[in-house]
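To start, the structure under review is shown below, and the notes come after it.
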Amino acid sequence: MAIDWSQFIELVQQNQSFLLTTHIRPDCDALGSVLGMAEVLEAVGKQVRIVNGHPTPPNLAFIDPGNRIEALEDLEGDPTADVDVVMVLDTSAWVQLGGMADVIRATSAVRVIVDHHKSGDDLSAIEFKDVSAEATGALVVEVADALGVPLNAAMASPLFAAIATDTGWFRFPATSSRTYELASRLTTAGASPAEIYGRLYEQETLGRLQLRGVVLSRVATECDGALAHTYIRLADFQQTGALPSDTEDLVNLALTIQGTQAAVILVEQQEDVYKVSFRSRCELDCSEVAGEFQGGGHQAAAGGSVEGPFEESLGRVLDAMRSRLA
């Protein structure tokens with residue numbers, strides 16, 4: 001449902017200083033949205049700071065050429081001190097905020113959420129959420145329009161990256177004619193699709209390529225081929241030299257198998273603690289499944305976490321998927 005931005009405009013007009021943040025393990029939509037929103041707010045004379053619970057992954061550092069995104073772990077003191085508004089973008093789940101969750105719980109600043117995910121928690125915030133939006137980056141473009149801020153190159157590049165990646169480069173079902181119109185506007189404003197694509201997908205490390213081989217070698221299918229699954233263990237990072245951020249989008253490889261309707265990957269983050277990514281191209285609601293594992297997201301893509309011995313954790317996740325594909 002389309003957002004009425006009138007209350008957002010009032011909040012911007014009534015406040016001067018803003019702290020922006022997004023989810024841990026940030027992707028391009030998360031990073032592009034906070035960077036784009038910062039530029040929009042600064043264009044109307046506001047003071048803006050960006051602090052995330054996790055550092056920017058090295059492979060996505062290009063999206064922030066000014067190195068303006070700070071990591072909470074590098075700071076001393078309360079980053080919300082003397083801040084009027086704390087704005088959370090691209091999530092509304094406490095667990096996805098990492099260390100920033102405690103910071104936000106303790107703040108006396110106004111809390112605002114700008115998001116397009118179906119699931120979420122009560123953050124005691126003013127919500128601007130549109131689950132039909134293709135990306136949070138698209139909502140930031142709406143904010144710029146509502147505030148009468150012209151798009152410029154500093155906004156366009158991160159916001160194009162946000163929208164392009166969250167739509168799988170315009171191939172996911174959420175892509176519409178509006179998506180292409182946004183892409184056109186952002187390209188006209190200065191975004192370079194070829195450069196962004198190259199920085200994202202044509203700068204592979206040997207470690208990530210080898211990790212991809214490990215993931216592919218472990219792909220298994222069941223439910224008559226409708227479900228594909230794979231996994232990554234801690235030892236795999238050591239053996240390949242890959243980074244945890246190199247796991248982004250690897251689950252999608254399993255979804256490319258002919259006849260597969262859903263895919264899952266477990267990624268071990270610390271001993272017996274696994275990040276789980278769910279994908280679907282059928283009626284199976286990934287956000288519903290992820291909700292059973294302290295997570296959430298969209299119908300077609302969601303994430304959660306599970307703890308316990310590997311075989312037990314894998315079994316729990318697969319049982320949740322099997323019951324929905326039966």
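Filtering the range 92-102 down to residues that are touching a helix residue (DSSP H, G or I) at 6+ places or on another chain (Cβ under 7 Å) and not small (G, A, S), which residue is modelled with the lowest pLDDT?
At the first step, the residues of the range 92-102 found to be touching a helix residue (DSSP H, G or I) at 6+ places or on another chain (Cβ under 7 Å) are 94, 97, 99-101.
In the following step, the residues that additionally are not small (G, A, S) were identified as 94, 97, 100.
On the way: W94: 92, L97: 95, M100: 97.
In this case the residue turns out to be W94.
Which condition breaks for A153 when tested against (1) crowded, with 20+ Cβ neighbours inside 10 Å; (2) of a type in the set (A, V, I, L, M); (3) touching a Gly at 6+ places or on another chain (Cβ under 6 Å)?
Among (1) crowded, with 20+ Cβ neighbours inside 10 Å; (2) of a type in the set (A, V, I, L, M); (3) touching a Gly at 6+ places or on another chain (Cβ under 6 Å), A153 violates only (1).
Taking the stated definitions as given, is V95 in contact (Cβ under 8 Å) with a residue 24 or more places away in the chain, outside the structural domain of G303 (by TED's automatic domain parsing) and surrounded by fewer than 18 Cβ atoms within 10 Å (Cβ to Cβ)? If you could, list the steps in order and put the result at the bottom.
Working: in contact (Cβ under 8 Å) with a residue 24 or more places away in the chain: yes; outside the structural domain of G303 (by TED's automatic domain parsing): yes; surrounded by fewer than 18 Cβ atoms within 10 Å (Cβ to Cβ): yes.
Answer is yes for this residue.
Does G148 satisfy the condition of being at pLDDT 95 or above, out of contact with any helix residue (DSSP H, G or I) (no Cβ under 6 Å at 6 or more places or on another chain) and surrounded by fewer than 19 Cβ atoms within 10 Å (Cβ to Cβ)?
Details: at pLDDT 95 or above: yes; out of contact with any helix residue (DSSP H, G or I) (no Cβ under 6 Å at 6 or more places or on another chain): yes; surrounded by fewer than 19 Cβ atoms within 10 Å (Cβ to Cβ): yes.
Spelling it out, G148 is indeed at pLDDT 95 or above, out of contact with any helix residue (DSSP H, G or I) (no Cβ under 6 Å at 6 or more places or on another chain) and surrounded by fewer than 19 Cβ atoms within 10 Å (Cβ to Cβ).
Answer yes if at least one residue in the range 135-143 is under 17 Å from S33 (Cβ atoms), in a loop (DSSP other than H, G, I, E, B), in contact with a strand residue (DSSP E or B) (Cβ under 9 Å, 6 or more places away or on another chain) and of a type in the set (A, V, I, L, M), and no otherwise. It would help to see each step written out before you state the result.
Within the range 135-143, the first condition is being under 17 Å from S33 (Cβ atoms), and the residues that meet it are 135-143.
Keeping just the survivors that are in a loop (DSSP other than H, G, I, E, B) gives 135.
When the remaining residues are screened for being in contact with a strand residue (DSSP E or B) (Cβ under 9 Å, 6 or more places away or on another chain), the result is none.
Checking the range 135-143: not a single residue is under 17 Å from S33 (Cβ atoms), in a loop (DSSP other than H, G, I, E, B), in contact with a strand residue (DSSP E or B) (Cβ under 9 Å, 6 or more places away or on another chain) and of a type in the set (A, V, I, L, M).
Return the pair list, or none, for Cβ contacts closer than 7 Å from residues in the range 101-124 that are assigned by TED's automatic domain parsing to the domain that holds A71 to residues that are among the basic types (K, R), at least 6 apart or on different chains.
Listed pairs, sorted by first residue: I104/R111; I113/K129; D115/K129; H116/K129; L123/R111; S124/R111.
How many residues does the range 157-182 hold that are in contact (Cβ under 8 Å) with a residue 60 or more places away in the chain and assigned to a helix (DSSP H, G or I)? So that I can check it myself, show each step before the final result.
Taking the range 157-182 as the starting set, the residues that turn out to be in contact (Cβ under 8 Å) with a residue 60 or more places away in the chain are 157-166, 168, 172-174.
Right, trim to assigned to a helix (DSSP H, G or I) and you get 157-166.
Selection size over the range 157-182: 10.
Surrounded by fewer than 22 Cβ atoms within 10 Å (Cβ to Cβ) and among the polar types (S, T, N, Q): which single residue out of S280, S287, S323 fits that description? Full working, then the answer.
Details: S280 fails: surrounded by fewer than 22 Cβ atoms within 10 Å (Cβ to Cβ); S287 fails: surrounded by fewer than 22 Cβ atoms within 10 Å (Cβ to Cβ).
Within the list S280, S287, S323, the selection yields S323.
Taking the range 81-90 as the search range and keeping residues that are at pLDDT 95 or above and not aliphatic (A, V, I, L, M), which one is surrounded by the fewest Cβ atoms within 10 Å (Cβ to Cβ)?
Step one: list which residues in the range 81-90 are at pLDDT 95 or above, which gives 83-90.
Narrowing further to those that are not aliphatic (A, V, I, L, M): 84, 90.
Values: D84: 16, D90: 29.
Per the criteria, the residue is D84.
Residues that are in contact with a strand residue (DSSP E or B) (Cβ under 6 Å, 6 or more places away or on another chain) and acidic (D, E): does the range 154-167 have at least one? Spell out the reasoning first.
So the first thing to find is which residues in the range 154-167 are in contact with a strand residue (DSSP E or B) (Cβ under 6 Å, 6 or more places away or on another chain), and the list is none.
Among the residues of the range 154-167, not one is in contact with a strand residue (DSSP E or B) (Cβ under 6 Å, 6 or more places away or on another chain) and acidic (D, E), which makes the answer no.
The values are calculated or read from the model by the stated rules, or taken from the named source; none is laboratory data. Because the structure is a prediction, the values reported are computed rather than measured. FYI the Cβ positions are ideal-geometry reconstructions off the backbone, even for glycines, and counts take in every protein chain you see.
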